[in-house]
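Report on the following structure.
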Amino acid sequence: MGERRASRLAIAAAIAVVAVGASGCAATPSAPLPAGVSIDLYQTRLDVAERMIEISIANDSGADVTITQATLTSGQFSDPSHWAPRAGGTLVRAGFAVDLPVALPPVACDSDSPRHHVTLEFETADGRTGAVTAETTERYDQLVQLRDQECLAAAVAAVVTLSMTSAPSITTIAGAEVIVLPLQATPTGADGVVVVRSVGATVLLAMADPVTGEAADVVALDRSISGTEPESTIDLLVRPG
């Protein structure tokens, strides 16, 4: 009887220890993203050249919040983009905004979905942590333009390689000196045709009218290039802008 009583007491004590341990290990409830914290996307001028974008976090919640992880998933791109956080995350003070730069992956030419989602991991001012995934907008629709441009470039490159490998020269048209830029067209041998409709001016270079030599914003070419034709050259006529 004494041994059975001792065994029952030992089992009861073990159950009590497990119960206390389980209650002591209860997870802290996950914090929601504070109301007033908003997320959107935009590119700076430097971002455009470097294929980056900013995840912009604006904190109008009245309390500080620290961002520890951020990931952009977009229908315009093939893979997610991950922000590289510093140790301890980035503090977004109440009433301020912080931009988190991420590199853009290759574009997704088989998808035209304009939807963007940002996943944030964060810590609130009272020490609680949380995570949220939210659909967000892009201020200037730059990602749609970037996708269209890069997908067009890939489609052209599959048929013909366009490059400038020869030195420019100077000629005279109707008494005006113009610069000749030779554009080399090297077909790849693939099926398909690329039509170069026109060429436009830049900040530094204006196009030159092929008849008058006068400066022009756009010059029509309407040059068709087959992927199986011989290599050729298109002379572009320009003037200092």
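The values are calculated or read from the model by the stated rules, or taken from the named source; none is laboratory data. All values derive from a computational prediction rather than experimental measurement. Neighbour counts are summed over all protein chains in view; Cβ atoms, including those assigned to glycine, are modelled from backbone coordinates with ideal geometry. Only protein heavy atoms, including side chains, enter the accessible area calculation; ligands, DNA and RNA are left aside. Shrake-Rupley method; radii C 1.70, N 1.55, O 1.52, S 1.80 Å.
At a glance:
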| quantity | calculated |
| --- | --- |
| Relative packing of peptides 149-156, 163-170, 101-108 - highest average C-beta neighbours within 10 Å first | 101-108, 149-156, 163-170 |
| Karplus-derived HN-Hα couplings along segment 225-241 (A = 6.51, B = -1.76, C = 1.60, θ = phi - 60°), whole Hz, x at Gly and Pro | 10, 7, x, 10, 8, x, 4, 8, 10, 10, 7, 9, 9, 9, 9, x, x |
| 222 nm mean residue ellipticity, helices alone, for the chain (DSSP H n ≥ 4; -39,500 (n - 2.57); rounded to 500) | -6500 deg cm²/dmol |
| Kirkwood-Stokes translational diffusion coefficient of the chain, alpha-carbon pairs, 10 °C, 1.306 mPa s, µm²/s | 68 µm²/s |
| Rg and Dmax of segment 25-153, Cα atoms only, in Å | 15.6, 56 |
| Integer Hz, Karplus 6.51/-1.76/1.60 couplings in order for segment 206-221, x for Gly and Pro | 9, 6, 10, 4, x, 9, 9, x, 6, 5, 9, 6, 9, 10, 6, 10 |
| Accessible-area composition of segment 127-225, carbon plus sulfur, in percent [1.4 Å probe] | 56 percent |
| For segment 172-216, radius of gyration divided by Kirkwood radius, i.e. Rg to Rh on alpha-carbons | 1.09 |
| Accessible area (Å², per residue) of segment 83-241, counting only protein heavy atoms and a probe of 1.4 Å | 59 Å² |
| Whether segment 146-236 is rounded, prolate or oblate, judged on the alpha carbon gyration tensor where a/c under 1.5 counts as rounded | prolate |
| Cα-based helix-to-principal-axis angle, 142-159 vs the chain, degrees rounded to 10 | 60 degrees |
| Ordering of 64-76, 222-234 by packing [mean C-beta count within 10 Å, highest first] | 64-76, 222-234 |
